[in-house]
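The structure appears right after this line, and notes come after that.
The values are calculated or read from the model by the stated rules, or taken from the named source; none is laboratory data. The structure displayed is predicted, hence computed values, not measured ones. As a convention, Cβ positions derive from the backbone with ideal geometry for all residues, glycine included, and neighbour counts pool all protein chains shown. Side chains included, ligands, DNA and RNA excluded: accessible areas come from the protein's heavy atoms. Shrake-Rupley method; radii C 1.70, N 1.55, O 1.52, S 1.80 Å.
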Amino acid sequence: MSIHNILIGAGEWLRGEGPHHQIVVSSRVRLARNLRTFAFPGWAKKAERQQILDTIKPQVEALGEMTDAHSVYSHDLSALEKQVLVERHLISREHAAKSVGSAVIMNRRQTLSIMINEEDHLRMQSIRSGLQLKSAFKLVDKVDSTLESKLDFAYDGRLGYLTACPTNVGTGMRASAMLHLPGLVLSEMINQVIQAVNKIGLAVRGLYGEGTEAMGNLFQISNQTTLGEKEDEIVSRLSKVIETIIEKEHDARQMLIQKKSNTLWDQIGRAYGVLTFAHAMTSKEALNLLSIMKLGVDLGAFPEDRRLPIDELFIDTQPAHLQKSSQQKLNAEERDHLRAQIIRERLRVFPKPDITKVAKESENGSSPEPQTNE
């Protein structure tokens, strides 16, 4: 499959579907594995990294799940193409910095991505739309079992799987969900939730993981413990915490409708107005305003069929996607103008926000029922 097809086609997880898709944008499970007889990538010399790649890559390409997949060496990707894959969460920022001796294999649906010679020899990840942690784990666990029958993984009977970073030793697993939490942010309750999540051993990160900002009211919730806990236990515990956060987000939205409705409708109206008429917009501003538009769809201020166009704009207006679509190198100012132009064109067919339905339900002390695909 051509890298062009990966870049122009929206992956399955970007379609805004799955259980609790209004709040849970995506679920991801990642496994880290290493070969027993080779040095970790950070310590391996160039020739050894190439040998590791030559050992692993054919086995990954032979997976049934990778039929008609896209397999590419890192040194064959431009910096821009790598950044597009980072923006789609198909590779990590660390892997994007790699060159000779690294590769990535992605399936057509963009639900399975396997990085070779990132921090570990193998970083396998499954990503699904909505709250589907168990489904994501099932897929990546199957791939892991198949590869383990072909490759000699570094495993210790007492510690578990051995990894380059000690924090991953054990299961080598990171399970996470990307949550859209504008209700908790607007009601100023998000810090309480983050503190509560941290206290029970989970991590809260921004849009692109550790050390990044939570733009667009998007937060990643993930496990921190990999040692002494089974994979299915980690997935089950994280799923329960996510479900609790979903309830708190719904409660926060209900509170905003009942007690701060004028502020809420002002936020939605301003977001619609700025996005519809602005001629320059930074990535951060676009994400934050699109987040409020997405909330407007959730609350019924915009028709349900407007959800997918908003979700697509979250990705299509990212810096690398803009440059890739324009097929030219753009400076920051040019990107800001192009971003605003694309948003204006996409929103041209959008109706004005209609708060009458939600306002009436607010007076009755209720809010729109959450719609899921469960």
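Quick notes on this one:
- Filtering the range 97-113 for residues that are of a type in the set (A, V, I, L, M, F, W, C), modelled with pLDDT under 95, surrounded by fewer than 24 Cβ atoms within 10 Å (Cβ to Cβ) and over 28 Å from Asp76 (Cβ atoms) leaves an empty set.
- Residues in the range 271-286 that are part of a helix (DSSP H, G or I) and at pLDDT 95 or above: Ala271, Tyr272, Gly273, Val274, Leu275, Thr276, Phe277, Glu285, Ala286.
- Positions within the range 311-333 being open to solvent by 40 Å² or more (accessible area, probe 1.4 Å) and not in a helix (DSSP H, G or I), in sequence order: Gln327, Gln328, Lys329, Asn331
For every residue, the table says whether it meets (1) buried (at least 18 other Cβ atoms within 10 Å of the Cβ); (2) in a helix (DSSP H, G or I); (3) modelled with pLDDT of 95 or more.
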{"site": "Gly42", "(1), (2), (3)": "no, no, no"}
{"site": "Glu48", "(1), (2), (3)": "no, yes, yes"}
{"site": "Ile52", "(1), (2), (3)": "yes, yes, yes"}
{"site": "His75", "(1), (2), (3)": "no, yes, no"}
{"site": "Lys82", "(1), (2), (3)": "yes, yes, no"}
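- Some residue of the range 123-136 being at pLDDT 95 or above, of a type outside the set (S, T, N, Q), buried (at least 17 other Cβ atoms within 10 Å of the Cβ) and more than 28 Å from Lys248 (Cβ to Cβ): yes
- Which listed residue is in a strand (DSSP E or B) and farther than 21 Å from Glu48 by Cβ, from Ile91, Ile105, Ile127: Ile127
To keep it simple, each residue is scored yes or no on (1) touching a His at 6+ places or on another chain (Cβ under 8 Å); (2) touching a residue at least 60 places away in the same chain (Cβ under 8 Å); (3) open to solvent by 70 Å² or more (accessible area, probe 1.4 Å).
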| position | (1), (2), (3) |
| --- | --- |
| Ile246 | yes, yes, no |
| His250 | no, yes, no |
| Lys259 | no, no, yes |
| Arg335 | no, no, no |
| Arg346 | no, no, yes |
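- Close Cβ contacts (under 9 Å, 6 or more residues apart or on different chains) running from residues in the range 304-316 that are touching a residue at least 40 places away in the same chain (Cβ under 8 Å) to residues that are polar (S, T, N, Q) comprise Glu304/Gln371; Arg307/Gln22; Phe314/Ser291.
- For the range 228-244, taking the residues that are at pLDDT below 90 and open to solvent by less than 90 Å² (accessible area, probe 1.4 Å), the one that is farthest from Arg158 (Cα to Cα) is identified as Glu229.
- With respect to the conditions (1) touching a Gly at 6+ places or on another chain (Cβ under 6 Å); (2) assigned to a loop (DSSP other than H, G, I, E, B); (3) surrounded by fewer than 17 Cβ atoms within 10 Å (Cβ to Cβ), Leu308 falls short on a single one, namely (2).
- Inspection of the range 289-302 identifies at least one residue that is open to solvent by 20 Å² or more (accessible area, probe 1.4 Å) and at pLDDT 95 or above.
- Qualifying positions in the range 177-187 - outside any loop (DSSP other than H, G, I, E, B) and open to solvent by 10 Å² or more (accessible area, probe 1.4 Å): Met178, Val185, Leu186
- Residues of the range 138-176 satisfying the condition of being assigned to a helix (DSSP H, G or I), under 18 Å from Ile105 (Cα atoms) and either open to solvent by 10 Å² or more (accessible area, probe 1.4 Å) or out of contact with any helix residue (DSSP H, G or I) (no Cβ under 7 Å at 6 or more places or on another chain) (or both): Leu139, Val140, Asp141, Lys142, Asp144, Ser145, Thr146, Glu148
- For beta carbons closer than 9 Å, sequence separation of 6+ or different chains, a first residue in the range 217-228 that is farther than 14 Å from Leu31 by Cβ and a second that is of a type in the set (Ser, Thr, Tyr) and at pLDDT below 80, the qualifying pairs are Gln220/Tyr208; Gln220/Thr212.
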